[in-house]
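So the structure is just underneath, and the comments pick up after that.
Values in this text are rule-based calculations from the coordinates and carry no lab data. None of the values given here were measured: they were computed from a predicted structure. Cβ placement follows ideal geometry from the backbone for every residue including glycine, while neighbour counts extend to all protein chains displayed.
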Amino acid sequence: MINKILKIFFIGMMAVLLFSCATADSSGSMEDRSEAYDSGSRASQQIDSLMEDERPSEALQWIYHYRGSEHPPELDYANLEEQALKEMDKQLKQSMDDREYMKALSLYSSLDAVGQTSYIRRDYDEQNIKLEYIKNLLEFEMAGAAAVMVVQGFVSLEDVSDKDLQYFEERFTKGENRKALAKVVKELGNRSLAAQVLSEEFLSASIRMEDLLEGTVTVWVDKGLRLDRGVGYPDRSIGSGFFIDKKGYILTNYHVIESEVNPEYKGYSRLFIKLSDDRGEKIPARVVGWDRHFDIALLKTEIEAPYVFSFAGIDQFSLGEKIFAIGSPGGLNNTITSGSVSAVRRPLQTMGESIQVDVPINPGNSGGPLMNSDSEVNGIVFAGITGFEGVNFAIDGEYVKTLLPHLYGGGAIKHSWIGVGGYQAYDHLETLYVTPGSPADSLGLARGDIILSINGKKVQRNQDVRDAILGLAPGTIITMDWETTEGIKKHSRVTLAERPDVPLKEAVNADTRENLIPPMFGMVLSQVAKQQYTVEKVYTGGGADEASISANDVIVLRKWTVNEKDGYVLMQFVFKGIKAGYLESAVQLGAGLESAIFF
C-alpha cells in the first residue's frame, strides 16, 4: 500500500518536474526524501508496535517484507532483525519453562521458515521440543494424545534416548496403547534392548471382537422435554463414541454433543455415556475439546476404559479395502457393520475431506470408529445421505490424529489461515478472493494471483494449503511462493492469523457486494450503472456457470439479501445473455456462508 501511494505521488509530480529547472529538481528530491522519511517512520512504528505487543514473529515478517520491497523504507534492518530474533528466543525459552509446547513449536517453525534456527540453543531444537511435549502428556496421564503423536511419527524414535524410550514403553504398556507400544518395542529391538515381559504379553494377545465392543460406547445427550402441541416428549441426541485413553477419554462427533458447548443453544442439556454391557447405566461425562469444522469432540468420563482403540499409521485406506464400523444405530449398542471404501477425498467439510464408504450407517452410528482389518481406527463415522443406500461418510483419521493433542488442550480448537478464497483451476490454484485485513491482504495478494507453494511444498487445491497449515498455531510464520497476474513470481513470509469461524459471515460486514460476488457466485462483475453490471468473467463450476451466465452478459441487480442467522445470501437479478438468446431472464442465485474455498 505504501509503495502504491509513492507511485501515485511520483506520477502526479512528473508534469511539474518536466517544466522545472535545476532548482526545481532539487526541490523535488527533497519532497521524495520527505515521503521516504514518512514511509520509514510508519514502517518503524508498525514494527515497534508489534514488538511492544510481544508479537516478534509478525514483526520479523514485516522486517523481511520491507527490506525486500521494491522501495525499502530507510530502517536499521540489522538491528530490528536482531531485536525480533532475541525476543523470539526469549519467548521460546519461556514457553519451554512454562510447558507451553505448542507455542514453542510455533516459534521454532517461524524461525525455520525464515532460516534462523541456528540462532536458538541446541536443546531447543524441534526434536527436543516434541520429545518434551510427549513426555509432558505422559506425565499428566494423557497417553492417548502421546500415543497418537508417536504413531504419526511426530518424533523420530531413532533419536530418542534409551531411557526415554523405556519410559515410553512403560507408559504405553500401562495405558494399553497398542500401536504406539509396538513402534517403541520395535525400536528397542533395533537397539538389542529387551522389552518388558508385560509389553510382550500385551502385544502378543489377540484382539477379540468382544474387546472392540467393550471399547465402544453410546453417547447420550438428554435435552429434557420437547413440547409439541402442548404434549411433552423426551428430547435427546444419541450417537456413538470410543475410548482412546485408559483414563476415560472418548472420541465422538461434535454434532452429537453440540448442545453442550454451543453458546447459541439456551436449553437444558446433560451428557452421559452408556457402556456396551447392556446394564443401561448412564455414566456422566463432560466435553473436553471440540472442533466444529472437522465434527470431532473429546469427552472425559471418570471410569477406566475397558479397551483402548489405537489409530492406524500414516497409510490411508485403499479403494475397495474391507472395513468395519461399530456403533449404536437407533440406540442399539454393540452393532457391527462391514463394507468397503468407495471413495476418498470427498469435499464435504469446510476444512477437510471425507472417506466415502458403503458400510451401513444409520442415526446413532455417528461418532463410532471406522476400522481396518487390523482393528485399527482410520476414521470416525459421521454421516449418511438419506434415501441413498450405501452412501455414507467418515472423517479421515489423519485429521483426527493431527488435532487430537489440541483437543486434549481443552475448548474449541483455533485454526490458522492466510485469508484467501481459492479457485481450483485445471492445473493451478488461483486467488478468487482476499479477505480484508487478513495476512494475504497485508501482503498485497489480489484476485487472479496464483498460489504456487506453501513452506516449499507445491499446492494446486484449496485443501493442499489447509493441510499444509493444519495444526500450526496462529502467529506462526510460513513461506509462500506466488505469482501475480503480471507474471511476477514472489517469495513471501506470511504470519498466520486466527481463522474466523465462518469467514464469509465476517466478510459480508466488511467488504463490498461487488467483491463478494466472485467467491459466492463465481463471477466477476463490472459496474456500468447504479444497479447494472457487465459480466467480466465466469468461473467454471460456480453458481453463475450453473445458471448459464457467460462473459459479456448484462445483469441488472434487483435484490441482495444476507441472512446471517440461517447462513445464506440471495442474489436476485435480471440478465440478457448469449446462452439465452439475449432474452431477458429473471434469476435468483443462493450461496451459503459456510464455504470450503477458504484457507
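Obtain the radius of gyration and the Kirkwood radius of the range 504-592 from its C-alpha atoms and give Rg over Rh.
Working: Rg = 12.4 Å, Rh = 13.1 Å.
That ratio is 0.95, to two decimals.
Straight distance only, please: which aspartates and glutamates reach the Cα of residue 457 with their own Cα at less than 12 Å, same-chain residues fewer than 8 apart left out?
Reachable aspartates and glutamates: 467, 481.
With an 8 Å Cα cut-off and a minimum separation of 6 or more residues, compute the relative contact order for the chain in percent.
On the way: 1194 pairs, mean separation 55.4, N = 599.
9 percent.
To the nearest 0.05, what FRET efficiency results for residue 194 and residue 54 with a Förster distance of 45 Å applied to their C-beta separation? Don't skip to the end; give the middle numbers.
On the way: r = 49 Å, r/R0 = 1.08.
The formula returns an efficiency of 0.40 here.
Quick one: which of 110-116, 238-244, 96-102 comes out on top by average Cβ neighbours within 10 Å, and what's the full order, highest first?
Numbers: 110-116: 19.3, 238-244: 26.6, 96-102: 15.0.
Averaged packing, sorted descending, gives the order 238-244, 110-116, 96-102.
Can you give the calculated 222 nm mean residue ellipticity of the chain, where each DSSP H run of n ≥ 4 adds -39,500 (n - 2.57) and the sum is split over every residue, rounded to the nearest 500 deg cm²/dmol? All intermediate terms of the calculation are to be shown ahead of the outcome.
Working: 18 runs with 208 residues, N = 599.
Counting only the DSSP helices, I get -10500 deg cm²/dmol.
What do you get for the angle between helix 101-113 and the principal long axis of the chain? Use alpha-carbon atoms, 0 to 90 degrees, nearest ten.
40
For the chain, find the longest principal axis of its Cα atoms and tell me its angle to the long axis of helix 126-139, 0 to 90°, nearest 10.
It is inclined by approximately 40 degrees.
Compute the helix-to-body angle for 162-174: its Cα long axis versus the longest principal axis of the chain, expressed 0 to 90° and rounded to tens.
60
Lys pairs in the range 504-592, Cα-Cα under 24 Å, at least 8 apart or on separate chains: how many?
9
In angstroms, what radius of gyration and Dmax does the range 554-599 have, counting Cα atoms only?
13.4, 39
Using DSSP to call loops (not H, G, I, E or B), can you name the trypsin sites (Lys or Arg not before Pro) in the range 118-157 whose Cβ has at most 15 other Cβ atoms within 10 angstrom?
Values: sites: 121, 122, 130, 135; in loops: 121.
Within the range 118-157, the qualifying trypsin sites (Lys or Arg not before Pro) (loop, at most 15 other Cβ atoms within 10 Å) are 121.
Kindly count the pairs of lysines across the range 274-429 whose alpha carbons are less than 21 Å apart, treating pairs on different chains or eight or more residues apart as eligible. Walk me through the numbers before you get to the answer.
Details: 274/282; 274/300; 282/300; 300/401; 300/414; 401/414.
Summing the qualifying lysine pairs gives 6.
Restricted to Cα positions, what overall size does the chain have along the principal axes? Three whole-Å values, descending.
Here the spans come out as 95, 67, 45 Å, largest first.
Could you rank the peptides 327-339, 209-221 by their average count of other C-beta atoms within 10 Å per residue, with the highest value first? Intermediate values should be presented prior to the final figure.
On the way: 327-339: 18.8, 209-221: 20.5.
Highest-to-lowest ranking by the protection proxy: 209-221, 327-339.
Going through the range 204-241, which trypsin sites (Lys or Arg not before Pro) have at most 10 other Cβ atoms within 10 Å and a DSSP loop state? It would help to have the intermediate numbers written out before the result.
Values: sites: 208, 223, 226, 229, 236; in loops: 208, 229.
Those satisfying the criteria are 229.
Arranged from highest to lowest average of other beta-carbon atoms within 10 Å per residue, in what order do the peptides 192-202, 408-418 appear? If you can, show how the numbers build up before the last one.
Numbers: 192-202: 13.0, 408-418: 18.4.
Listed from highest to lowest mean packing, they are 408-418, 192-202.
Could you tell me the calculated FRET efficiency between residue 560 and residue 501, based on Cβ-Cβ distance and R0 = 22 angstrom, to the nearest 0.05? Numbers along the way, then the final one.
Numbers: r = 23 Å, r/R0 = 1.05.
Calculated value: 0.45.
Taking residue 93 as the anchor, which lysines have their alpha carbon closer than 22 Å to its alpha carbon, excluding any fewer than eight residues away along the same chain?
103, 130, 135
With contacts defined as alpha carbon pairs under 8 Å and 6 or more residues apart, what's the relative contact order of the range 349-494 in percent? Walk me through the numbers before you get to the answer.
Values: 258 pairs, mean separation 25.4, N = 146.
Normalised by residue count, the contact order of the range 349-494 is 17 percent.
Going by how many other Cβ atoms sit within 10 Å of their own, how do 538, 391 line up, fewest first? Kindly include the intermediate steps, with their values, before the conclusion.
Details: 538 22, 391 16.
Least to most surrounded, the residues fall as 391, 538.
With each pseudo-label sitting 7 Å past Cα toward Cβ, what's the residue 231-residue 174 distance in nm, one decimal?
5.5
Under the 0.36 nm per residue contour assumption, what length would be gained going from the current alpha-carbon distance of residue 388 and residue 67 to full extension?
So the extension gain works out to 109.8 nm.
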